[in-house]
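J.: First the structure, then my questions, so here it is.
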Ligand SMILES: [Fe+2]
Ligand SMILES: [Fe+2]
């Protein structure tokens with residue numbers, strides 16, 4: 001089979017088990033994203049596939065050739081892989097075309113340059129062949145790095161957080177171009193990211209890695225987002241409103257009404273997790289939507305963030321209660337002009353899991369992928385901003 | 001594809017034969033999507049899914065027979081593929097008319113066969129391969 005096949009890969013640094021029996025297949029032409037928090041072992045897996053680490057257990061096969069087992073270690077340069085990391089690592093003293101043809105050693109110079117020119121054309125940089133890296137923007141450098149990685153026609157492309165060095169506006173366009181180029185080339189691609197949105201955008205299949213290097217779920221973005229099979233996976237995609245309760249008559253009671261208990265037995269502690277867009281608001285009409293099952297709510301604040309708004313609210317009958325819910329509403333939301341407002345839960349965007357009490361039910365605002373960094377700070381409960389947490393975790397690794 | 005890769009071989013004739021058959025059915029669906037073969041995804045895919053489910057049953061029976069200790073876990077894995085199979089059938093129902101559904105179906109089938117079905121079985125390869133089944 002074309003592509004990558006890892007089976008039973010385990011890896012430890014001393015006593016620290018970073019990967020536990022990981023298996024995965026990346027078929028030719030497909031893109032798999034490893035998504036997980038810092039320290040889940042996703043970069044280690046990439047380094048094992050690249051041959052930058054020696055495999056301790058399991059096997060790695062690229063295009064039907066076994067490249068690593070406990071006894072075998074094929075060096076990186078013989079694995080027919082392309083690598084792209086976030087810092088691009090272009091050679092500053094070489095111009096663009098020489099950077100791209102660098103990996104085509106042993107090939108006649110004219111032929112190598114012709115291939116390099118073709119790849120540069122694919123990434124729309126054919127007009128900049130003579131430029132030096134310092135003359136290019138971050139996005140352009142990244143495109144050169146992509147052209148360079150693809151020039152030797154690798155059997156497998158390994159991408160480690162390839163877009164994280166780019167600013168937000170550039171990231172969207174580079175990501176789209178990269179995806180187009182990868183699909184045209186038909187190469188099998190394994191990409192590591194900690195950004196859920198990036199994984200959903202790029203991947204044909206997402207593999208969620210949890211701490212201790214275990215795969216928690218595999219599926220396409222729809223499956224992972226709408227059918228998370230555990231609490232960790234559900235929370236990975238951003239803030240969740242959390243309601244704790246006990247199962248009674250196969251239902252968990254919530255302020256928005258009972259929710260089916262998803263197979264948990266009566267008497268078991270359970271929690272209902274609801275995405276911010278999973279609380280649906282209604283207004284207008286005589287009863288503000290109450291007749292269609294909505295519960296009256298009071299909106300405490302609302303912030304327009306462009307194409308959506310974020311609001312915080314409380315249940316009207318429990319306005320002195322502690323629990324506040326966060327809601328994401330498309331377009332502008334003007335509760336001050338709306339009169340009576342009710343809320344109900346969208347069953348597609350709410351999930352019931354066992355309540356093992358390990359994750360706080362309080363909103364973790366730094367986790368709010370729905371919010372801009374400014375608003376996160378504005379609404380912050382004192383938690384660290386995401387990138388700071390990330391850096392600390394990396395430093396601790 | 002067409003031949004099972006070495007890294008996907010179970011070295012157990014019954015299972016390898018089933019996996020090979022699944023692969024051929026999936027190859028045929030992919031060829032239809034690419035316009036290289038006659039047939040309809042809406043007909044071929046439900047047949048393939050039916051065969052996959054029969055295979056799961058055969059495989060579980062075999063694992064029970066040889067006393068594989070984690071048979072329940074593997075049966076649960078098969079059951080967890082229900083959702084993926086539903087998605088595959090939904091895509092297949094559209095794939096003959098909608099090229100985007102066709103491309104998504106091809107991708108879903110590749111992962112279904114290689115990642116979900118065969119790779120997961122390799123966990124018990126060493127347990128079944130030397131047994132006389
Ligand atoms: Fe099987
Ligand atoms: Fe199986």
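J.: If you look at just the Cα atoms of the range A:1-124, how large are its Rg and its Dmax in Å?
T.: Rg then Dmax for the range A:1-124, in Å: 16.8, 51.
J.: Return the single residue from B:27, B:116, B:70 with maximal mean-square fluctuation; model: Gaussian network over chain B, springs between Cα atoms under 10 Å.
T.: B:70
J.: How far, in degrees from 0 to 90, does helix A:138-150 lean away from the longest principal axis of the Cα atoms of chain A, to the nearest 10?
T.: Approximately 60 degrees, to the nearest 10.
J.: Can you grab the distance from the C-alpha centre of the range B:65-133 to the C-alpha centre of the range A:224-256, Å, no decimals?
T.: 27 Å
J.: Which residue fluctuates most in the GNM of chain A (Cα springs below 10 Å): A:145, A:203, A:126?
T.: Judging by the Gaussian network model, the answer is A:126.
J.: For B:105-113, what's the mean count of beta carbons from other chains sitting within 10 Å of each residue's beta carbon?
T.: If you average over the peptide's residues, the count of other-chain Cβ atoms is 5.
J.: Can you give the average number of partner chain beta-carbon atoms within 10 Å of each beta-carbon in peptide A:135-146, as a whole number?
T.: 0
J.: Considering only DSSP beta bridges whose two residues both sit in the protein assembly as shown, what percent are antiparallel, to the nearest 5?
T.: So the antiparallel bridges amount to about 75 percent of the total.
J.: So what does the Cα-only Debye profile of the range A:193-298 read at q = 0.18 Å⁻¹, as log10 I(q)/I(0), no solvent term?
T.: -0.98
J.: Name the most mobile residue of B:83, B:55, B:19, meaning the one with the largest mean-square fluctuation, in a Gaussian network model of chain B with Cα contacts below 10 Å.
T.: Its mean-square fluctuation being the largest, the pick is B:83.
J.: Here is a further query. For chain A, what does -39500 (n - 2.57) per DSSP helix run (n ≥ 4), summed and divided by total residues, give at 222 nm, in deg cm²/dmol to the nearest 500?
T.: -7000 deg cm²/dmol
J.: Counting partner chain Cβ atoms within 10 Å of every residue's Cβ in A:335-342, what's the average?
T.: 0
J.: A further question on this structure: Dividing the Cα convex hull volume of the range B:11-129 by residue count, how many Å³ per residue is that?
T.: 84 Å³
J.: Expressed as an acute angle from 0 to 90° and rounded to the nearest 10, what is the orientation of the C-alpha long axis of helix A:168-185 relative to the principal long axis of chain A?
T.: Value to nearest ten degrees: 60.
J.: So what's the convex hull volume per residue for the Cα atoms of the protein assembly as shown, in Å³?
T.: Per-residue hull volume (Cα only) is 194 Å³.
J.: Run through all the Cα pairs of the range A:57-99 and give the fraction in each 10 Å bin from 0, expressed as whole percent.
T.: Taking all Cα pairs of the range A:57-99, the binned fractions are 22, 36, 24, 16, 1 percent.
J.: While we're on this one: Please report the Cα spread of the range A:239-354 along all three principal axes, rounded to whole Å, starting with the longest.
T.: In descending order, the Cα extents are 43, 29, 26 Å.
J.: Find the centroid of the Cα atoms in the range A:82-142 and in the range A:1-51, then give the distance between the two in whole Å.
T.: Taking the Cα centre of the range A:1-51 as reference, the centre of the range A:82-142 is 28 Å away.
J.: Now for a separate question. Taking N as the number of residues in the range B:51-93, what value does Rg over Cα atoms divided by 2.2 N^0.38 Å take?
T.: Expressed relative to 2.2 N^0.38 Å, the Cα Rg reads 1.33.
None of the figures in this text is laboratory data; all of them are computed from the coordinates on show. Keep in mind that this is a model prediction, so the values were computed, not measured. In this analysis, Cβ positions are derived from the backbone assuming ideal geometry, glycine residues included, and neighbour counts consider all displayed protein chains.
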